[in-house]
Amino acid sequence: MAKKIIFIVMDGLGDRPIKGFGGKTPLEAAHTPNMDALAAQGATGLMYTVGEGIVPESDTAHLSLFGYELDKYYPGRGPFEAAGVGIEVKPGDVAWRCNLGTVDEKGVILDRRAGRIESTAPFAAELDGTEVDGIRFIVKPGTAYRMALVMRGHGLSAAMSPNDPHRIGEKIMEVKAEDGSKEAEFSAGVMNRFLQSAYRKIAANPVNEKRKGAGKPVANCMLCRGAGFMKKIPGIEERYGMRACCIAGAGLYKGVGRILGMDVLETPGANGLPSTDVDAKICSAISVVQGPGQGYDFVFVHIKAADSLGEDGNPQGKKEFIEKADSAFGGLLGLKDAIVVVTADHSTPCEEKAHSADPVPVLVSGHGVEGDAVQTFSERACKDGALGLMKNGGEFMQKLMGFCKK
Ligand code: ZN
């Protein structure tokens, strides 16, 4: 019987020694009996998810983690964000990630998030479905001030510069073709015409009257970046022959799942924040691999908050969140015909408050996985594991699929 895989990604889990923890990392300082038991039963190692010396973004890291070659398949950030808000991104589409913003009458940026406006839904609804020169614009709201935009039609290219200068006090920019191709020239021209009418529609939205009355910044522009051209990507099922689903709170990771052909399971209480319901996610993962009639072979479970707490420079919060997650992992011990993976997409050291190129710890535990001498799960302990130091996610996936055949 083919084995099932529960693949848990604890975003930004890896870290460096913290003085306040006597030189231990947050993962080492945390009390993690369940991860330690999984590591003790299973095989461990370290992995560069994208490659040695590369500081990964979460989107590239996930794609590489699941064994996809980035030069061949990475479509840019926009498609992941668009898929994350529920747009079915198709090959040939160009997708952007966008914010609502505030500019003055000269187009100089006053606020890149329009006063952290609570919802972009009324603005997106007005822009969604716009057509310019035969290109259709699909616009959907993301969380708070974020939205996603997809251009659909013939002859598009993603070789376009952003209109977002990324800095307050600078002028919003024209979108420019980034190569000399006629597709890029066409796409940039269409995008600029769309944006000119979009700025007017956004500024005229009745929501702004209320915001003005409340003394809040109005939304009067959309800032777009990360244009990406959607390529045809073989899904997990096509690539590994495993029916896959995704359990995640934050949009980007649902996008990763959708783009890789996974069914995105909505789990109440999964919100991508430290308050997320890890128990509910793990219970859901166990039930879809072992429950009757569910029939998933590969479950990607994304747990976000360790990364956010690392970026906040909060080792105590990161340690406590790791403990909270671990306490939900008890049910993963002793699953039948299933393999559990716990790893990270990249390290987010609290002292850096940013992603780093440090390799991440990984454990593989379950039926058919021969154990090694490592008894605990941490950056330091996993150095001695049987999986060794892996050069990218592709190498790891090969080893993982090898365990499945045993
Ligand atoms: Zn990440």
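The values are calculated or read from the model by the stated rules, or taken from the named source; none is laboratory data. Computed from a predicted model, the values in this text were never measured in an experiment. We place every Cβ from the backbone using ideal geometry, glycine too, and count neighbours over all the protein chains shown.
One residue stands out in region 352-368 among those that are crowded, with 22+ Cβ neighbours inside 10 Å and among the aliphatic types (A, V, I, L, M): the one that is nearest to Gln290 (Cα to Cα), namely Val364. Residues in region 240-281 that are crowded, with 16+ Cβ neighbours inside 10 Å, part of a loop (DSSP other than H, G, I, E, B) and of a type in the set (A, V, I, L, M): Met242, Ala248, Ala250, Leu260, Met262, Leu265, Ala270. For region 52-67, the condition holds for no residue, the condition being that it is farther than 23 Å from Arg200 by Cβ, hydroxyl-bearing (Ser, Thr, Tyr), within 16 Å of the ligand (Cβ to nearest atom) and assigned to a loop (DSSP other than H, G, I, E, B). If you filter region 205-239 down to residues that are part of a helix (DSSP H, G or I) and of a type in the set (Lys, Arg), you find that the one that is farthest from Pro141 (Cα to Cα) is Arg239. The number of residues in region 367-406 being touching a Gly at 6+ places or on another chain (Cβ under 8 Å), modelled with pLDDT under 95 and not in a loop (DSSP other than H, G, I, E, B) comes to 2.
Remark: pairs (first residue in region 348-369, closer than 18 Å to Leu46 by Cα; second residue among the charged types (D, E, K, R) and in a loop (DSSP other than H, G, I, E, B); Cβ separation under 6 Å; 6+ apart in sequence or on different chains) = Pro349/Asp15; Pro349/Arg16; Pro361/Glu379. May I ask you to say which residue of Ile322, Ile339 is within 16 Å of the ligand (Cβ to nearest atom), of a type in the set (Val, Ile, Thr), at pLDDT 95 or above and not in a loop (DSSP other than H, G, I, E, B)? Answer to the selection: Ile322.
Can you find even one residue in region 374-386 that is crowded, with 23+ Cβ neighbours inside 10 Å, more than 16 Å from the ligand (Cβ to nearest atom), among the small types (Gly, Ala, Ser) and closer than 16 Å to Val9 by Cα? Looking through region 374-386, at least one residue is crowded, with 23+ Cβ neighbours inside 10 Å, more than 16 Å from the ligand (Cβ to nearest atom), among the small types (Gly, Ala, Ser) and closer than 16 Å to Val9 by Cα. A search for C-beta distances below 6 Å between a residue of region 251-263 that is over 12 Å from Leu63 (Cα atoms) and any residue that is assigned to a loop (DSSP other than H, G, I, E, B), counting only pairs 6+ apart in sequence or on different chains, returns Gly251/Val85; Gly251/Gly142; Lys254/Ala248; Gly261/Gly235. Take the conditions (1) within 16 Å of Cys98 (Cα to Cα); (2) touching a residue at least 60 places away in the same chain (Cβ under 8 Å); Val139 misses just one of them, which is (2).
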